[in-house]
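The structure appears right after this line, and notes come after that.
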Amino acid sequence: MKIKHTFHLPLLLLVLSTSISRSQPLSGNYTIDNLLPTSGTNFQSFNDFATRLATDGVSGNVVANVNPAIVYFEQVTFHTIPGAGPMATVTIEGNLATIEAVTTTTDRHVIRLEDVSWMTIRGMSILYDPTSTGGFYGIQIYNSGSHLNIVNNTILMNSTSTLHGGIVASGSTTSILDPGNFDNILIAENYISSGGYGISVYGDAASLATQIEIANNYIADFADNGIYIRETDGVHINGNLLEKIANIISSANAIQIAQNANINAVIENNKFHILQQDNGTQTLRGIYLFNGTGHRVFNNEISVSALTTGNFTGIEIRTSATAPEISFNVISCEDTAAAAGNFIGISEELSNTNSVLKNNLISITTPGTGTRAALKLGTTSTVTTAFQSNYNDYWVPSGNVALKGTTNPTLYQTLADWQSTSSQDANSVSIEPQFTSPTFLLPTNPALNNLGTPIAWVTMDIDGNPRDPGTPDIGAYEYFVSGIEATTASLQAVISPNPTAGRIRISLPENISGNICCKLYDYTGKIQLTKTLNGSGAVDFELNDVAAGIYLLEINCGGNYGEYRVIKTH
């Protein structure tokens, strides 16, 4: 007997409907392209992609390539992605595609990651729409975020509002300054222009943000803070270039480490260049250690080369007894035009910070009517214990090595004055560094060679060249200086251009000709190039095959010998 199967129509429709709506988790390669129809592998908008991720999740690595031929006008929020993990990550490859949105007081983001983990946003161009009526966050990591990479994006704000931030991690949709829960976040190689904040990460005091890396970003013309960090443990701020070019009159910090729960920050290899001229009566700071303990600040370059109005402090420590270790930094105010403001190298804002200052180079030569000082102590500081300082170079020929207080300050004009009163800086010097340029703070004065003291955790300089393990150089750069005595160095050649991008010309004295043996050594003493040239007058020497860095060129011609430092820029 045959069994007859009977299907009830409503039940059949329910089964079919359920099977159609239940899509598979995403895995593999996809596109975001408004010029193509929606399909199994293409999404016409960022919102379509975000909705699918939140609904169906992922089962493997997902890469979404964006068509850069289109400008996407939309705000998008990515929510928690089911299934995301180390073997199931989500990457948006922007390919320099542009996304723009009109933001408001309640919806300030262009791209928001809300409680998202294991995601990368790379290569997007994010623009501020001038018709916006409220705050602006180019990319916001909201509420919580883990294992996120924000890399190689361009964010242009065209604004000086402190309500605007390029990349913001916070716990509020309407505030940059609100705590959230964050860990394992990389923010690297982004270009961020203007706005109040370039990059801001605000963790939770009860659960500090950890494994935060901010590296190799270019941040320009911020009105408040280039990089603002709060409630983190061990944030690493490395290799960033921050510049103030436009005449935005504001009190601003290139890098600020805020509040006492914010601990163990490492700030290294950053450059902050002030190229603007007018800052009214406001103060610009390079690195502002507002509070917290365990901070290490080293191998940073901070320069002022054009400021005529406004005040400047290279590194400022606000709170007493925080005891940061500040070493191998170079702070320079080099300009021939007079400036009316106060220029200070390293300052404590209130009282004894117990900062450890070693191997720092501070040069302030800008003329003008304002106060000039390498060190500034708080009004209530104790001179003998305010800083723990030694092996520094303080060059302030028209100012003071140190001062104490703000109103009617006590001045210590010379290094000897400061040493005798403070009992600090016994091995420090006051030597003109003779920088390569106002914005390339590599000293050329051989009198500064090997005057520093070793610090175990600083083994490389700002360019990645190894520090001399016994007698390192003061400042951010380790550099070669000839060891040949003047009576022995019989070859008086001229090397130009120096620094160079790839080729130098060796100009020889008239009486020198024949075979010229040239050897180029790196910092380890290893020969990188050996060439024998023939000629007289001037010969060219190609450096295209060596990496950027500082080298020692040894020249020998007919028993005439000389050594010359050569700088390869890129």
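Could you list, in sequence order, the residues of segment 363-400 that are assigned to a loop (DSSP other than H, G, I, E, B) and within 15 Å of SER320 (Cα to Cα)? Scanning segment 363-400 gives GLY378, THR379, THR380, SER381, THR382, VAL383, THR384, THR385, ALA386. Among the residues making up segment 264-289, those that are closer than 15 Å to VAL304 by Cα, hydrophobic (A, V, I, L, M, F, W, C) and either in a strand (DSSP E or B) or under 14 Å from the mean Cα position of the chain (by Cα) (or both) are PHE272, ILE274, LEU284, ILE287.
Only residues that are surrounded by 14 or more Cβ atoms within 10 Å (Cβ to Cβ), of a type outside the set (D, E, K, R) and assigned to a helix (DSSP H, G or I): list them for segment 407-424, please.
At the first step, the residues of segment 407-424 found to be surrounded by 14 or more Cβ atoms within 10 Å (Cβ to Cβ) are 409, 411-415, 417-419, 421-422, 424.
Narrowing further to those that are of a type outside the set (D, E, K, R): 409, 411-415, 418-419, 421-422, 424.
LEU415, TRP418, GLN419, THR421, SER422 - these are the residues of segment 407-424 that are surrounded by 14 or more Cβ atoms within 10 Å (Cβ to Cβ), of a type outside the set (D, E, K, R) and assigned to a helix (DSSP H, G or I).
For segment 554-570, which residues satisfy the criterion of being in a strand (DSSP E or B) and closer than 14 Å to GLY502 by Cα? Before the answer, list the steps.
If we filter segment 554-570 for residues that are in a strand (DSSP E or B), which is where we start, we get 554-557, 560-568.
Of everything in segment 554-570, those that are in a strand (DSSP E or B) and closer than 14 Å to GLY502 by Cα turn out to be VAL566, ILE567, LYS568.
Residues in segment 545-570 that are within 27 Å of the chain's Cα centre (by Cα) and among the polar types (S, T, N, Q): THR569 alone. Filtering segment 235-263 to residues that are in a loop (DSSP other than H, G, I, E, B) and closer than 18 Å to ALA169 by Cβ leaves VAL235, ASN240, GLN259, ALA261, ASN262.
Among the candidates GLU114, GLU93, which residue alone is charged (D, E, K, R), modelled with pLDDT of 95 or more, under 26 Å from LEU163 (Cα atoms) and out of contact with any helix residue (DSSP H, G or I) (no Cβ under 9 Å at 6 or more places or on another chain)? So the residue among GLU114, GLU93 that is charged (D, E, K, R), modelled with pLDDT of 95 or more, under 26 Å from LEU163 (Cα atoms) and out of contact with any helix residue (DSSP H, G or I) (no Cβ under 9 Å at 6 or more places or on another chain) is GLU114. Whether a residue is part of a strand (DSSP E or B) and either of a type in the set (Gly, Ala, Ser) or in contact with a Lys or Arg (Cβ under 8 Å, 6 or more places away or on another chain) (or both) was assessed, and ILE219 does not pass this test. Taken over segment 90-108, the criterion of being within 23 Å of SER175 (Cα to Cα) and either within 24 Å of the chain's Cα centre (by Cα) or assigned to a loop (DSSP other than H, G, I, E, B) (or both) is satisfied by VAL102, THR103, THR104, THR105, THR106, ASP107, ARG108. Of the residues screened, ALA64 is one that is modelled with pLDDT of 95 or more, in a strand (DSSP E or B) and either within 42 Å of the chain's Cα centre (by Cα) or among the aromatic types (Phe, Trp, Tyr) (or both). Here are some residues: ILE255, ILE287, ILE245, ILE237. Which one is among the aliphatic types (A, V, I, L, M) and surrounded by fewer than 17 Cβ atoms within 10 Å (Cβ to Cβ)? Testing whether each residue is among the aliphatic types (A, V, I, L, M) and surrounded by fewer than 17 Cβ atoms within 10 Å (Cβ to Cβ) leaves just ILE245.
Restricted to segment 425-444, and to residues there that are more than 16 Å from VAL396 (Cβ to Cβ) and modelled with pLDDT of 95 or more, the residue that is surrounded by the fewest Cβ atoms within 10 Å (Cβ to Cβ) is ALA426.
Is at least one residue of segment 137-144 assigned to a loop (DSSP other than H, G, I, E, B) and under 23 Å from THR232 (Cβ atoms)?
Going residue by residue through segment 137-144, those that are assigned to a loop (DSSP other than H, G, I, E, B) are none.
Checking segment 137-144: not a single residue is assigned to a loop (DSSP other than H, G, I, E, B) and under 23 Å from THR232 (Cβ atoms).
Residue by residue, here is whether (1) of a type outside the set (A, V, I, L, M, F, W, C); (2) farther than 20 Å from LEU284 by Cβ; (3) in contact with a Phe, Trp or Tyr (Cβ under 6 Å, 6 or more places away or on another chain) holds:
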position	(1), (2), (3)
TYR197	yes, no, yes
VAL201	no, yes, no
ASP204	yes, yes, no
ALA209	no, yes, yes
ASN217	yes, no, no
ASN225	yes, no, yes
ILE229	no, no, no
THR232	yes, yes, no
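The values are calculated or read from the model by the stated rules, or taken from the named source; none is laboratory data. Quick caveat: nothing in here was measured; it's all calculated off a predicted structure. Positions of Cβ are backbone-derived with ideal geometry, glycine not excepted, and every protein chain shown enters the neighbour counts.
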